[in-house]
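Novice: Dumping the structure here so I can ask a few things about it.
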Amino acid sequence: MRHCQNFIAGHFVEARTDAVSAVVNPATGEPFATVPLATDADVIQAASRAFAAQRAWGRLPSIERGNALRRLADLLERQAAKIGAALSEESGKSLADATAEVVYGVELMRYHAEWARRIEGELIDSDTPNETLMLQRVPIGVVACLIPFNFPIYTLVRKIAPALIAGNAVVVRPSNTTPTSAFAFAEAVVEAGLPEGLISILTMTHEVAATLCRRPEIGMITLTGSVTAGQAVLDFCKENIAKPSLELGGKTPVIVEPDADLDAVAKSLLAAKTAHCGQVCTSVERLYVHASVHDALLERLKAGFAARGFGDRATDASLMGPLASETARRRVHAMVEQAVADGAVLEAGGTLPDGPGFFYPPTLLSHCRQDMQIIREEIFGPVLPVISYADFDEALRLANDSPFGLASVLWSNDYAKVMRAANSIEAGELYINRFPADPYQGYHAGWKRSGLGGDDGKYGMLEFTQTRLVILKH
């Protein structure tokens with residue numbers, strides 16, 4: 001059994017109490033590590049040290065901050081296999097996929113390092129003669145980064161890289177489900193020689209996380225998580241009027257028009273829906289298929305879902321892996337049972353498998369209705385509900401009839417319909433003839449209950465800044 005230590009202000013430290021959390025391999029159901037649960041005193045120390053470190057970090061020329069990020073990226077690249085091994089064991093991903101996540105995080109960090117010479121302000125004409133208005137972009141201060149379990153390294157980099165290049169310090173709370181990779185990441189932070197206090201990484205209970213988020217040093221809280229977690233963060237932000245940045249739930253609709261290549265759609269749908277067992281914020285959650293091609297696509301999907309194997313990806317990387325926990329598996333199965341009770345037809349999957357691990361088979365449901373729970377609420381598992389529609393107007397109406405608005409997909413080569421969707425879909429992203437992949441030079445932002453603010457690209461980096469207007473008389 002491996003025992004981890006919290007990383008506070010550049011150092012791994014002994015726990016102040018005996019309180020620990022077990023980390024379980026979801027493919028076996030067996031614990032393999034323990035992590036310490038930080039105390040209020042731990043997070044107060046981390047926030048205080050971050051506040052002190054940020055003052056000097058924020059005054060550095062941004063090119064020096066960029067060089068530090070490049071050093072860290074180089075070290076992460078060299079240690080990708082080690083970090084990937086930790087990530088694989090805690091998440092159920094294959095070693096190749098877990099290592100690729102680290103490498104993708106390296107690319108994202110290098111991308112944000114390039115913003116060093118591109119953080120810009122503005123000169124604005126004044127109404128007063130001999131006066132200039134200068135709008136500056138400056139750091140916020142200390143950012144609390146709350147990381148999810150599904151992409152624990154990529155999302156960690158997605159938050160801390162833009163925060164750091166903008167001149168902030170960070171205190172990171174990784175998911176207690178997948179924390180060991182974050183501590184492996186911290187080893188690279190030490191070797192990169194970043195200023196002590198600039199980055200802290202601590203596992204903690206929800207109660208201690210609340211203490212962290214309410215600290216006066218915290219100027220911004222960034223979260224990727226559930227709507228419920230986002231609502232809690234908004235409450236924390238009220239304490240000090242901290243800035244929230246929230247990526248919350250998703251319910252990605254996919255519209256398939258008659259001119260779509262059904263073989264390509266079916267193949268891509270199966271891959272997208274079973275990637276990381278459906279535990280992806282932009283994973284396909286609702287499939288709307290034109291009536292003229294509904295049956296043909298359903299047959300292709302039924303064959304694909306039934307044939308898709310699942311199991312421990314440490315021994316066979318071609319399989320679909322497990323859900324994150326037994327609680328998650330039971331919740332997904334309960335949603336499937338409710339859908340069938342409400343009239344959906346189970347075309348594939350839908351059973352709780354025997355044996356160890358938190359596995360759930362790829363599951364296909366037809367004859368679903370818009371009012372069903374399976375259509376209204378986020379599944380976050382390998383379950384695909386299907387609805388037939390009569391015309392494009394109906395498809396757009398059904399796609400927009402949701403409290404979520406993170407991503408959306410349209411399969412069509414009709415440019416007029418593509419432009420109608422582009423101008424009317426109620427989501428932060430629209431993908432045409434492909435499935436979501438979050439290009440990091442774009443802007444990943446949700447509408448409605450899917451979030452506030454966003455990640456990636458120029459605008460994701462600017463989330464970690466605030467403005468100062470200087471009125472210069474001359």
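Novice: Relative contact order, percent, of the stretch 170-296 when contacts are C-alpha pairs under 8 Å separated by at least 6 residues? Intermediate results must be reported in sequence, preceding the final value.
Specialist: On the way: 131 pairs, mean separation 24.7, N = 127.
In percent, rounded to a whole number, it is 19.
Novice: Give me the percent of DSSP beta bridges within the stretch 110-232 that run antiparallel, rounded to the nearest 5.
Specialist: Values: 4 of 17 bridges.
The answer is about 25 percent antiparallel.
Novice: To continue, here is another question. Could you sort the peptides 336-344, 41-49 by per-residue average Cβ neighbour count (10 Å cutoff), highest mean leading? All intermediate terms of the calculation are to be shown ahead of the outcome.
Specialist: Details: 336-344: 16.6, 41-49: 21.4.
Averaged packing, sorted descending, gives the order 41-49, 336-344.
Novice: Write down the Kirkwood hydrodynamic radius of the stretch 1-133, to one decimal in angstroms, obtained as one divided by the mean of 1/r over all alpha carbon pairs. Show your work: numbers first, answer last.
Specialist: Numbers: mean 1/r = 0.0541 Å⁻¹.
Kirkwood hydrodynamic radius for the stretch 1-133: 18.5 Å.
Novice: Also, quick follow-up: Taking square-rooted eigenvalues a ≥ b ≥ c of the alpha carbon gyration tensor, is the stretch 24-102 rounded, prolate or oblate, where a/c under 1.5 means rounded and, failing that, a/b exceeding b/c means prolate? Write out the running numbers ahead of the final one.
Specialist: On the way: a/c = 4.55, a/b = 1.42, b/c = 3.21.
Because a/c hits 1.5 or more and a/b fails to exceed b/c, the stretch 24-102 counts as oblate.
Novice: So, one more: If you take the charge dipole of the stretch 1-79 about its Cα centre, with +1 on Lys and Arg Cβ and -1 on Asp and Glu Cβ, which of ALA15, LEU75, ALA27 is farthest toward its positive end?
Specialist: LEU75
Novice: Antiparallel DSSP bridges in the chain: what percent, to the nearest 5? The partial results should precede the final answer.
Specialist: Details: 31 of 71 bridges.
Taking every DSSP beta bridge with both residues in the chain, the antiparallel ones total about 45 percent.
Novice: Just check the stretch 331-406 against the gyration tensor rule for me: Cα atoms, a ≥ b ≥ c as the square roots of the eigenvalues, rounded for a/c under 1.5, and otherwise prolate or oblate depending on whether a/b exceeds b/c.
Specialist: Details: a/c = 2.48, a/b = 1.90, b/c = 1.31.
The shape class here is prolate.
Novice: Distance between the C-alpha centers of the stretch 239-310 and the stretch 321-376? Whole Å please.
Specialist: Between the Cα centres of the stretch 239-310 and the stretch 321-376 lies a distance of 15 Å.
Novice: By how many degrees, 0 to 90 and rounded to 10, does the Cα axis of helix 326-341 deviate from the longest principal axis of the chain?
Specialist: 40 degrees
Novice: Before anything else, pin down the relative contact order of the chain: Cα pairs under 8 Å, at least 6 apart, normalised by residue count, whole percent. Walk me through the numbers before you get to the answer.
Specialist: Numbers: 1097 pairs, mean separation 84.1, N = 474.
Once normalised by length, the contact order is 18 percent.
Novice: Taking every DSSP beta bridge that has both residues in the stretch 324-474, what percent is antiparallel when rounded to the nearest 5?
Specialist: 45 percent
Novice: With angles folded into 0 to 90 degrees, how steeply does helix 227-240 sit against the dominant principal axis of the chain? Use alpha carbons for both and round to 10.
Specialist: 20 degrees
Novice: Right, something else. Would you please classify the overall shape of the stretch 8-48 from the alpha carbon gyration tensor, given that a ≥ b ≥ c denote the square roots of the eigenvalues, rounded means a/c under 1.5, and beyond that prolate means a/b larger than b/c while oblate covers the rest? Walk me through the numbers before you get to the answer.
Specialist: Values: a/c = 3.08, a/b = 2.48, b/c = 1.24.
Because a/c hits 1.5 or more and a/b exceeds b/c, the stretch 8-48 counts as prolate.
Novice: Let me ask another. Within the accessible area of the stretch 99-248, what % is carbon and sulfur when the probe is 1.4 Å and the other protein chains stay in place? Intermediate results must be reported in sequence, preceding the final value.
Specialist: On the way: 2700 of 5270 Å².
Here carbon and sulfur together make up 51 percent of the probe-accessible area.
Novice: Go through LYS93/LYS238; LYS251/LYS458; LYS273/LYS448; LYS93/LYS417; LYS159/LYS448 and tell me which ones have a Cα-Cα distance over 31 Å in this structure.
Specialist: Working: LYS93/LYS238 37 Å; LYS251/LYS458 25 Å; LYS273/LYS448 23 Å; LYS93/LYS417 37 Å; LYS159/LYS448 21 Å.
As for pairs spanning more than 31 Å Cα to Cα, those are LYS93/LYS238; LYS93/LYS417.
Novice: While we're here: Report the trypsin sites (Lys or Arg not before Pro) located in the stretch 71-158 that are in a DSSP loop and have at most 13 other Cβ atoms inside 10 Å of their Cβ, or state none. The partial results should precede the final answer.
Specialist: Working: sites: ARG71, ARG78, LYS82, LYS93, ARG110, ARG117, ARG118, ARG137, ARG158; in loops: LYS93, ARG118.
Hits after loop and neighbour filter: ARG118.
Novice: Here is a further query. Report the relative contact order of the stretch 189-253, percent, no decimals, based on alpha-carbon pairs under 8 angstrom and at least 6 residues apart.
Specialist: On the way: 57 pairs, mean separation 19.8, N = 65.
Relative contact order for the stretch 189-253 comes out at 30 percent.
Novice: Also: List the residues whose amide H sits under 5 Å from the amide H of SER450, counting only those 5 or more places along or on another chain, with H placed 1.01 Å from N in the peptide plane.
Specialist: Under 5 Å from the amide H of SER450: GLY405.
Novice: Based on Cα coordinates alone, diagonalise the gyration tensor for the stretch 107-260, multiply each eigenvalue by 5, take square roots, and list the semi-axes in whole Å, largest first. Write out the running numbers ahead of the final one.
Specialist: Values: eigenvalues 168, 110, 74 Å².
They are 29, 23, 19 Å, listed from largest to smallest.
Novice: Which Cα, out of LEU297, LEU319, ALA272, lies furthest along the positive dipole direction of the stretch 181-334 (beta carbon charges, K/R +1, D/E -1)?
Specialist: LEU297
Novice: Sticking with this one: Rolling a 1.4 Å sphere over the protein heavy atoms, what is the accessible area per residue of the chain, to the nearest Å²? Write down the numbers at each step before the final one.
Specialist: Values: 18870 Å² over 474 residues.
Heavy-atom accessible area per residue stands at 40 Å².
Novice: Still on this model: Quick query: amide H of SER283 versus all other amide H atoms, modeled in the peptide plane; which residues come in under 5 Å with a sequence gap of 5 or more or a different chain?
Specialist: Placed amide hydrogens put nothing under 5 Å from SER283.
Novice: Still on this model: With runs of 4+ DSSP H residues as the only contributors, calculate the mean residue ellipticity of the chain at 222 nm using -39,500 (n - 2.57) per run, divided by the residue total and rounded to the nearest 500.
Specialist: Numbers: 15 runs with 192 residues, N = 474.
Mean residue ellipticity, 222 nm, calculated: -13000 deg cm²/dmol.
Novice: Please give the helix 62-78 orientation as an angle from the longest Cα principal axis of the chain, in degrees from 0 to 90, rounded to the nearest 10.
Specialist: The angle comes out near 50 degrees.
Novice: Can you list the HN-Hα couplings for the stretch 407-418, worked out from phi with the Karplus curve (6.51, -1.76, 1.60; θ = phi - 60°), rounded to whole Hz and with x for Gly and Pro?
Specialist: 9, 8, 9, 10, 9, 6, 10, 8, 4, 5, 5, 4
Novice: Still on this structure, I have one more. Using packing as a proxy for protection, rank 288-295, 463-470, 139-146 so that the peptide with the highest average count of other Cβ atoms within 10 Å comes first. Before the final figure, lay out each step's value.
Specialist: On the way: 288-295: 18.2, 463-470: 16.5, 139-146: 25.2.
Packing proxy ranking, top to bottom: 139-146, 288-295, 463-470.
The values are calculated or read from the model by the stated rules, or taken from the named source; none is laboratory data. Keep in mind that this is a model prediction, so the values were computed, not measured. Note that each Cβ is placed from the backbone with ideal geometry, even for glycine, and that neighbours are counted across all protein chains shown. Quick note on the areas: whole protein, heavy atoms, side chains included, nothing else; ligands and nucleic acids left out. Shrake-Rupley method; radii C 1.70, N 1.55, O 1.52, S 1.80 Å.
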